[in-house]
Amino acid sequence: MPPTPHETAKPDFRSDVTVDLVKHTASDSDVLWAARVSTAGEQSLEELSKDPERSKGLINYLMRDRHGSPFEHNSMTFFINAPIFVFREFMRHRVGWSYNEESGRYRELEPVFYVPGESRKLVQQGRPGKYEFVEGTQEQQELTTRAMEDSYRQAYEAYQQMLAAGVAREVARAVLPVGLYSSMYATCNARSLMHFLGLRTQHELAKVPSFPQREIEMVGEQMEAHWAKLMPLTYAAFNNNGRVAP
């Protein structure tokens, strides 16, 4: 008797990413007591109850002279929903980061796929190491959308056919493209996040230029917005000193 085929799920196409701050222990005072233990020992605990505004000069000094370890005594956990190719770039960032991503071995993956929005620049000009992206034509935008959506539909149909035939999820998932959306928890501290932002965002205040792929930059911008609210003095010092991680 042939296997009962899965009910065909209708693919969903998106052009956004989402980032939620799910928990944190992060404040400017974390930087201060960590730094002051060098000279104050146990008295540095008094910084826990003090207004960090009084010591923003110390935070700026630490950032400016790249005394980095005081910026590690905090934690932020984000829940990120983005295309798989974004997460493959994330894995380049290993020091100070922890990741747990949803598994295609243990669950049937949903048909949600990335298609660039109209604001996404499509054409690369220039040689490697010295190039820029420019707007594509209407024809290029339409071709990109059509080609991606057709490919996604075909890939997901093949995936469901294999699952219906009893093929293991960990085998069937091989036909799915990196434009499929996935989700993960990413935990970091302020120092590791600053290093990430220095490489994965473009900013007018950055001393060192960066050329990130737009989709991971979209994630970085949302993470940055969350962090700026948690540690405003540290965030200001980061920007005032060229957005270079200490």
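Based on Cα contacts under 8 Å between residues 6+ apart, the stretch 161-224 shows a relative contact order of 20 percent. Here the extension length gained between residue 13 and residue 107 equals 31.8 nm, from 0.36 nm per residue of separation less the Cα-Cα distance.
Between the stretch 101-173 and the stretch 226-246, the C-alpha centres lie 34 angstrom from each other.
In summary, the lysines within cross-link reach of residue 130, defined as a Cα separation below 25 angstrom excluding same-chain residues under 8 places away, comprise 121, 207.
Summarising the label geometry, the points placed 7 Å from Cα in the beta-carbon direction at residue 174 and residue 142 lie 3.8 nm from one another.
Around the amide H of residue 182, modelled in the peptide plane, lie the amide H atoms of 82, 84, all under 5 Å away and 5 or more residues distant in sequence or on another chain. Straight-distance candidates among the lysines for linking to residue 50, with alpha-carbon spacing under 27 Å and chain neighbours fewer than 8 residues away dropped: 23, 229.
Phi-derived couplings, Karplus 6.51 cos²θ - 1.76 cosθ + 1.60 at θ = phi - 60°, listed residue by residue for the stretch 185-196: 9, 10, 10, 8, 10, 4, 5, 5, 5, 4, 5, 4 Hz, with x used for Gly and Pro.
Within a straight-line Cα-Cα reach of under 19 Å, residue 56 can be paired with the following aspartates and glutamates, leaving aside sequence neighbours fewer than 8 residues apart in one chain: 28, 30, 46, 47, 65, 72.
Compared with the dominant principal axis of the Cα atoms in the chain, helix 28-40 is inclined by about 40°. Between residue 95 and residue 204, the FRET efficiency estimated from the beta carbon spacing at R0 = 25 angstrom works out to 0.40. Rounded to the nearest whole Hz, the Karplus-based 3J(HN,Hα) values (6.51 cos²θ - 1.76 cosθ + 1.60, θ = phi - 60°) of the stretch 142-151 follow the sequence 5, 5, 4, 4, 5, 5, 5, 5, 5, 5, with x at glycine and proline.
Applying the criteria of a DSSP loop state and at most 15 other Cβ atoms within 10 Å to the trypsin sites (Lys or Arg not before Pro) of the stretch 53-120 yields 66, 92, 94, 105, 107. Kirkwood radius and radius of gyration were both taken over the C-alpha atoms of the chain, and their ratio Rg/Rh is 1.08. Backbone phi angles across the stretch 66-74, fed through the Karplus curve with coefficients 6.51, -1.76 and 1.60 (θ = phi - 60°), yield HN-Hα couplings of 6, 8, x, 4, x, 7, 9, 8, 7 Hz in residue order; Gly and Pro are listed as x. Surface exposure of the stretch 21-79, expressed per residue as accessible area with a 1.4 Å probe, stands at 58 Å².
May I ask for the distance between the Cα centers of the stretch 61-75 and the stretch 177-218, given as a whole number of Å? Their Cα centres are 19 Å away from one another.
Annotation: amide H of residue 136 within the under-5 Å range of 122, 123, sequence separation 5 or more or interchain, hydrogens built in the peptide plane.
Our estimate of slack between residue 131 and residue 221, defined as 0.36 nm per intervening residue step minus the Cα-Cα distance, is 30.2 nm. Among the protein heavy atoms of the stretch 195-246, carbon and sulfur supply 55% of the accessible surface, probe 1.4 Å, non-protein parts ignored. Proximity of backbone amide H atoms, modeled 1.01 Å from N, is registered between residue 13 and 113 at under 5 Å, excluding neighbours fewer than 5 places apart on the same chain.
The values are calculated or read from the model by the stated rules, or taken from the named source; none is laboratory data. Owing to the predicted nature of the structure, the values given are computational and were not obtained by experimental measurement. Neighbour counts are summed over all protein chains in view; Cβ atoms, including those assigned to glycine, are modelled from backbone coordinates with ideal geometry. Note: accessible area is taken over every heavy atom of the protein model, side chains too, but ligands, DNA and RNA are not part of it. Shrake-Rupley method; radii C 1.70, N 1.55, O 1.52, S 1.80 Å.
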